[in-house]
Amino acid sequence: MALLKIAQIGHPILRRTAREISRDELMGDKIQRFIDDLIDTMRDAAGAGLAATQVYEPIRICAIEVKDNPRYPYKPNIPLTVLVNPKLTPLSQESFENFEGCLSVPNLRGRVRRFTEVQVDAWDRHGENISTQVRGISAGTYQHEVDHLDGMLFVDRLVSSQTLCTWEHFERFEKALFADEARALVERWGG
Ligand code: ZN
């Protein structure tokens with residue numbers, strides 16, 4: 001297991017548009033090892049997801065997994081998912097406010113508007129097609145990760161810069177209200 005270094009906001013790699021990779025490249029040892037390391041790094045940092053650009057590789061791969069995450073206790077679980085060359089398409093114009101944080105943006109969280117329902121088309125790590133739909137809070141997680149592959153961070157999408165807060169102040173001032181909003185989303189969309 002190798003843990004990768006996670007780029008922090010201000011490093012230009014986080015602003016790169018990642019390139020697509022071919023099936024041949026994906027199946028090679030180098031990328032398969034990289035995916036293992038990406039997953040290990042995400043788990044070690046207790047992230048809900050991690051994109052290749054965050055570990056200095058501008059290729060279109062991200063990992064997502066939520067398993068009773070202590071950083072995001074209101075998030076529904078998502079089994080380990082690796083997306084290669086993902087494309088997200090909103091299924092409606094409906095949106096919700098998510099309260100996001102990011103391993104590349106230390107100790108800040110903020111409110112971001114996300115589509116409520118998205119179609120996900122991608123390959124898995126073996127080059128097999130993934131075609132699925134995600135809804136509610138989980139849809140926000142997918143949009144956050146795929147944004148990274150286009151050089152976008154959640155701070156670019158804040159509903160207002162006044163919603164920015166430290167993790168400590170999220171716990172103290174924001175968590176109760178957002179937990180209610182999150183519960184309503186989970187009740188509606190499951191997870
Ligand atoms: Zn992030």
Under 13 Å from the Cα of residue 175, which aspartates and glutamates turn up, not counting those fewer than eight places away in the same chain?
-> 100
Projected convex hull area of the chain, Cα atoms, direction-averaged, in nm², equals 10.1
21 Å Cα-Cα reach of residue 5 towards lysines, excluding residues that sit fewer than 8 places from it in its own chain | 30
Scalar couplings 3J(HN,Hα) for segment 150-160 by Karplus 6.51 cos²θ - 1.76 cosθ + 1.60 (θ = phi - 60°), nearest whole Hz, x for Gly and Pro, are 10, x, 10, 10, 4, 5, 6, 10, 4, 5, 7
Among the lysines, which fall within straight-line cross-link reach of residue 67, defined as a Cα-Cα distance under 17 Å, with same-chain neighbours fewer than 8 residues apart omitted?
-> 75
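Per DSSP H run of n ≥ 4, the term is -39500 (n - 2.57); total these for the chain, divide by its residue number, and report the mean residue ellipticity at 222 nm rounded to 500 deg cm²/dmol. Write out the running numbers ahead of the final one.
Numbers: 4 runs with 49 residues, N = 191.
Calculated at 222 nm, the ellipticity per residue is -8000 deg cm²/dmol.
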Taking Cα atoms, the helix 29-44 axis meets the longest principal axis of the chain at an angle in degrees (rounded to 10) of 20
For the chain, find the longest principal axis of its Cα atoms and tell me its angle to the long axis of helix 137-149, 0 to 90°, nearest 10.
-> 50
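None of the figures in this text is laboratory data; all of them are computed from the coordinates on show. All values derive from a computational prediction rather than experimental measurement.
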